[in-house]
Structures are given as structure tokens and as C-alpha cells.
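The structure under discussion appears below in the form of C-alpha cells.
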Amino acid sequence: MSASRPLQFGLKTIMTITAGFALLFASGSWFGAPGYLVFFLLAGLAAIFAFSRDFDVFMASLAAYSLFILATCCGVFPLLDSGSRVTARRSQCVNNLKQIGLALQNYADVYGCIPPAYLTDKDGKPMHSWRVLILPFMEYKPLYERYDLNEPWDGPNNSKLSKEMPAVFRCPSDTGNPGTQTDYVAIVGPETIWQPNHGTTFKEIEDGSSQTIAVVEASGAGISWMEPRDLPFSALAKGINPKQGIGISSHHPGAVIAVFGDGHTQTIQESIPMKLLKALFTKAGGETIDGDF
């Protein structure tokens, strides 16, 4: 059996280690968890081949390394895969809000304003939600055409559409959602851009559409996607992810995602000061937005 070669840490070794770390991060960035797995597999085989000149030693080392890789895959890969799924769900949530923001802008291009928070009947009873009104602007025109504006959202015809909620109204992280409740709501009130029966023009958003939130997450609010109901401005007093009651909330740890009037999305942290949180929802409050979200 040949003697083991002493380890040397010269310039060549340092450069090899540096290149190895570069390949490691590149593999993870390009291919995710499978990239890390393939990298370690190839790196281990290369190390075994380099330090085991004897065939018997090589085969024994290869067998031991194979068992190590198998055990590592069983323990680590599920964790990496879980992290990848969380990231993918958050990305889809962001994309949902971007689609909603774009639909609001397309609606405004046609009607000169964002849609009303809801439409009422002659007696003032809420009938139709803004989520229904923007359907034609999100490639859901066929669904909109089946919706009857002459009856309430929960009428005989419209109630049949409840289970056909567009995926864009649901955050993928809300795995407990029955498939009929929206995770995205407006904040309704005289101070906000959302009013009953009439829309708000961008000119009326004096604070600037880029500094005014249009739609935000409210997972667990129990609001049907067609229901002409959202959250009142007073709900902001509970902060983000309140422990009691219904308010702004999400399944993303420590934060919620919102889309602003200009269509850009942004993460709002739980730690946001209450004054700043309220300022982000007023359309003409004249507040100075100078803090971190």
C-alpha cells in the first residue's frame, strides 16, 4: 500500500479551494439544491481519486463516500427543497400582486380612474367587488362575462362562480385556503384610494402613486374573492400580522407584500412604525415617507 501524500497548502492549493467555492456558489445559484448535490458528489469523487492511488483504497473510499452522500441527501436535501419551495411561493405571491397592480392601471387607462372599492344597489347594499371589476383586465374576461351584474355577488348565478377563483387572488403560501377566499385586499376609507361607487383618479393621489399602497395581503381574513368587502382603515391600528382580530397579514415570516399605485411591489416589515404604515395608505395625507418599510 502506498504512503499517503502530505497535504500542501501552497498557492496552487489556495487557488483550487477558491475556485471550488466559486463553483459551489455558482452551482447553487444556477441549479438550486440539485446543483449543490452534484457539486459535492463530483468534488468528493475528485478528492478520492487524487488521494487514493491504490485501487483497493480507492474502491473502499468510494463505497464509504457513497454511503455518506446517501445519508446527506436523506437529511439535507429535503431541507434545501423546502427552502426552494418557500422562495418559489413568495415569488409567485409577488407576481400575483404585480398582475393585480397592472390590471388596476389598465382599468384606469379605460375609465380614467381605478375601480371603486365596490358597487352598491339603489339602497346602498354592496353588490360587486373591485376584484370582479378588474377580471377583464387580467385575461379573465370569459369569467367576467359569466358574472351577472344584475344580481348580488352571492346571488343564484354568481354564487356558482365562487369555486372558480382566479389563482391570482391567492397566495401560494396560504395552503389552508379553501380556494374561494382572497389573500389580497384593499384598505377602504375616505383617506384611501378606495371609495364605494366611484373610482379615484391618479390626480387625486396627491401623495404620489409610488408612495401609496393599492393592495396588500390579508391572509385569513375570510373574504370571498367576489365579496364586496375589504379591510377598513381602522384595521391598520392592529399593525401587521396581529395576534388577535383580522388585519394585514401573510404567511411570509415577519412581513407582508404590497403593490403600490404605480404597480411596483414591496415588502412591508412587521416592525414598520404605525405612523408610517398609515401614511402609506393615505392618498393625500401630505406625509413624508422617509423611513424603512
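Each value in this text was obtained by applying a stated rule to the coordinates, not by laboratory testing. On a predicted model such as this, the values are computed, not experimentally measured, just so you know. For neighbour counting, all protein chains shown are included, and Cβ atoms are generated from backbone atoms with ideal geometry for every residue, glycine included.
Using a Förster distance of 41 Å, how high is the FRET efficiency between ASP148 and ALA237, based on the Cβ-Cβ distance and rounded to 0.05?
0.65
Please report, in cubic angstrom per residue, the volume enclosed by the convex hull of the alpha-carbon atoms of segment 83-279.
Enclosed volume per residue, from the Cα hull, is 121 Å³.
Using Cβ contacts closer than 10 Å as the measure, can you line up HIS128, HIS252 from fewest to most?
With the fewest neighbours first, HIS128, HIS252 line up as HIS252, HIS128.
What does the charge add up to near GLU204, with Lys and Arg as +1, Asp and Glu as -1, over the other residues with Cβ less than 15 Å from its Cβ?
-2
At 7 Å along Cα-to-Cβ for each site, give me the label-to-label distance between GLU139 and LYS160 in nm.
Placing both labels 7 Å along Cα→Cβ, they lie 2.6 nm apart.
Net charge around PRO156, counting only other residues with Cβ within less than 14 Å of its Cβ (Lys, Arg = +1; Asp, Glu = -1)?
-1
Take the cross-link list LYS160/LYS238; LYS125/LYS160; LYS203/LYS275; LYS125/LYS275; LYS122/LYS163 and give me the ones stretching past 30 Å between alpha-carbons.
Going by Cα-Cα distance, LYS160/LYS238; LYS125/LYS275 fall outside the 30 Å limit.
Can you check what the net charge comes to around TYR144, using other residues whose Cβ is under 13 Å from the Cβ of TYR144 (Lys, Arg +1; Asp, Glu -1)?
Spelling it out: positives minus negatives among the neighbours equals -1.
If you rank TRP153, TRP225 by fewest surrounding Cβ atoms within 10 Å, what's the result?
By the 10 Å Cβ count, ascending: TRP225, TRP153.
By how many nm would the segment from LYS98 to GLU287 lengthen if fully extended, with 0.36 nm per residue of separation less the alpha-carbon distance?
65.5 nm
Could you line up TYR107, TYR144, TYR118 from fewest to most neighbouring Cβ atoms inside 10 Å?
Least to most surrounded, the residues fall as TYR144, TYR107, TYR118.
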